[in-house]
Structures are given as structure tokens and as C-alpha cells.
């Protein structure tokens, strides 16, 4: 065999060996689609205390609209800029939300195709170029004090067959991952505020008066006025007039006072808020228009009326709450409006509170604690018209005959 033939034979043998190696011993390096599997999404984001803004954008398929929500740290407190800077009460939720998104990892790569985004529910809710009304996820963005992005995710559907995993995508990127996380930040106002608006516990209630009436605006009078008062004696509720009570209705009423939640807020005019803090209501044009728009009216003698009646609740520590029920709240955020449109009839609620030391002593309560709480609640209630759900409104706005047998 001459040198040329020998060289050709060696080259052929080498080629065969290379092919065999490729077949029987695949390359140890991962394919490109797995190149970042297991890595952290945002390696520099390691401290949840850096977070100063949480932005959540959810998507309402029923109305085909994105619903933005924001929580921000401003002037030493957490507020809701998307809801008139209402102060956040759910501090634990803040901590959990930030902590759940720290060091989130790309556990499993699931797809590199944009065609799969709808299937996994990771279409950006803010994407106006995509026509699809379904398959949109929840976008969550965390920012630091300089408004720089610490983390930005689109949270999609839960992964079938893998408990605790959710599909996740980074906005602007095609790749979708299956990620082990319990992060699910809420875009609902009610989830971020104090669940106990009134700070009443049912056992502390001593007396409840229901003033049921409607306002005849044309004639300037109250129509269908009815009143009933119930009070607790030795742990049992009794009617002030001696009538027999319908106890299930009484229990439902007192439980509603204990668990009253708000679904939205509207700010009162600063002048009205200042009047409420001082305890002296004056009828200015601004105050009258603001009240009237929400179903409340101030009479010439200074009495505040509501077009759906009112309720007075007294507690053992000497507090007296007046809950006035106004107009249907059909405007505001998408969630509030949608509920009202579906017949939920969310309502405006005007709350005031007063304290009487003699009342506290009569009921065997703590006057000092009651006075402190009354001041705190007066400052809180003064600034806001509250919006409550239609379900809570129905429980609270009972008619006298509903409480009596």
C-alpha cells in the first residue's frame, strides 16, 4: 500500500471514530435551551428589604382589561398609590411577597417558543400587540428606592402534575420555565388593608340601634322611618321594647360588625376631614357636593343623614360607632365597578366614632383604652369614604322587623 492510500485509510478510520463517538458518547455540554436551567432569575436581588415598590398587574378576562395595582414605601410608610395613597395595614403580606420572589430560580425550562405562552398563561397582561384575551398571566415588578427594577416576572398557570410549581416568564423573553414558588401577589385592594375596619369584636357589643329610613330629596323629608334597639344583658341579646328577637338575624348582624371589610376607598375633601377631626361639621359648597355625590346629606341643624339609613353600635369600652349607608358605588377600580354591575351593589359607607367615659363605666369597660382607640379611629375614619360589598351592606342594613319575631 503506497503512502497516499495509507493516509486515506487513516483519515477514513478517524472519521468513523468521530461519528461513533458522537453516536455512542454524546457531548457532555447541555443543549442551548437548557443553558440557564437552575440559575437564579436575578442573582443580584438577595435582600427583600431593598424593595420599595411592588407593582402587580392582573388581567380580567371578563372585561378584557389589565388591572394595575401598586404598593409603595413613601414618607416612612407603605401606601397604595393606585388607591389614593391609602395606608397599607397588611405588613405581613408585604414581607411574604418580597421574600417569595427573592432568589427565584429557573428550575425547569419548558419552552423556547412564543407560541406556547398562551398555553402556559404567561402572556404579558400589558401586551397590546397580542390579540389573545386568554392566556394572560400576572405581571409582578419589584423596584428599589431609586425605582430600579430588582425583579420582573410574569406568573402563569400552575404546572399540572408538579405540586408547588408555576409557569414563569421574564417580560420581553420567549423562554418559559416551570418554577417552584408559592408567590401569588394579590391585585385586590381588600387583601392589603386591615380586615377589621371597625376594630370591634362581637362580644364587646353592648347596644345596637337600627335607624331604617330613606330620604325623599324632592320633599326634603325622611320616609319609611323605623327604629329598633337591642342590648345585651348578662350575655343575652334583648329588644329594648321587650319584643322577642330573631336571634339568627342578631348573630348575623353582630358578626358583620366584627368582620366588616372594605373593598375600596375614596378620599374626602380636606376641609371635611378637618371638620370631622374637630367634631364640628360646617356646610360648605365643597362639602355638600362631595357628600351628595355619595348619598349623604347635612341638615341645617348639623345632622348627617344617609339615603340608605344608619346603624349605631355601642361597645363595652365606651365607643359609639355610627355607620351611615350611602349610594351604590359603581365607579372606581375595575373590580369594584364589575361587582356593582353584576348586582352586588357595593355601597358607600360613612363611619364616625365617639367616646363617652360614663358609657365605658356603665358597661364595665376600660375608659382609658376606649379613649385611645376612639382618637385613633377618628383620625383614620376622617379622611375616607369607604366602599363595602353588597353582601356586607345587606347584613348591616337590616330592617327592624328582620330582628324581631
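Values quoted throughout were computed directly from the atomic coordinates according to the rules given, and no laboratory measurement underlies them. Here the structure is a predicted model, which means the values were calculated and not measured. Neighbour counts run over all protein chains shown; Cβ positions are idealised from the backbone, glycine included.
Taking only alpha carbon atoms, segment 202-403 gives an Rg to Rh ratio of 0.96, where Rh is the Kirkwood radius.
The ranking of 200, 262, 388 from fewest to most other beta carbons within 10 Å of each one's beta carbon is 200, 262, 388. With a simple spin-label model that places each label point 7 Å from the Cα along the Cα-to-Cβ direction, the separation between residue 130 and residue 286 comes to 4.5 nm.
Extension gain residue 186-residue 103, at 0.36 nm per residue separation less the Cα-Cα distance, in nm?
Stretched out fully, the residue 186 to residue 103 stretch lengthens by 27.9 nm.
Shape class of segment 57-152 from the alpha-carbon gyration tensor: oblate, with a/c at 1.5 or above and b/c at least as large as a/b. Taking the helices alone, the chain has a mean residue ellipticity at 222 nm of -8000 deg cm²/dmol, built from -39,500 (n - 2.57) per DSSP H run of at least 4 residues and averaged over all its residues.
Take every Cα pair under 8 Å whose residues are at least 6 apart in sequence, average their separation, divide by the length of the chain, and the relative contact order is 13 percent. Each part reduced to its alpha carbon centroid, segment 265-301 and segment 201-252 end up 26 Å apart.
Relative to the longest principal axis of the Cα atoms of the chain, helix 247-259 runs at roughly 60 degrees. Express in whole angstrom the spacing between the alpha-carbon centres of segment 98-158 and segment 369-403. For segment 98-158 versus segment 369-403, the Cα centre distance is 39 Å. Counting only alpha carbon atoms, the long axis of helix 91-101 and the longest principal axis of the chain meet at about 10°.
Using r as the Cβ-Cβ distance of residue 114 and residue 89, and R0 as 35 Å, what FRET efficiency do you calculate, to the nearest 0.05? Working shown, then result.
Working: r = 40 Å, r/R0 = 1.15.
Efficiency, from the Cβ-Cβ distance: 0.30.
Compared with the dominant principal axis of the Cα atoms in the chain, helix 3-24 is inclined by about 20°. Quick note on the chain: its Rg to Rh ratio, both from C-alpha atoms and Rh being the Kirkwood radius, is 1.20.
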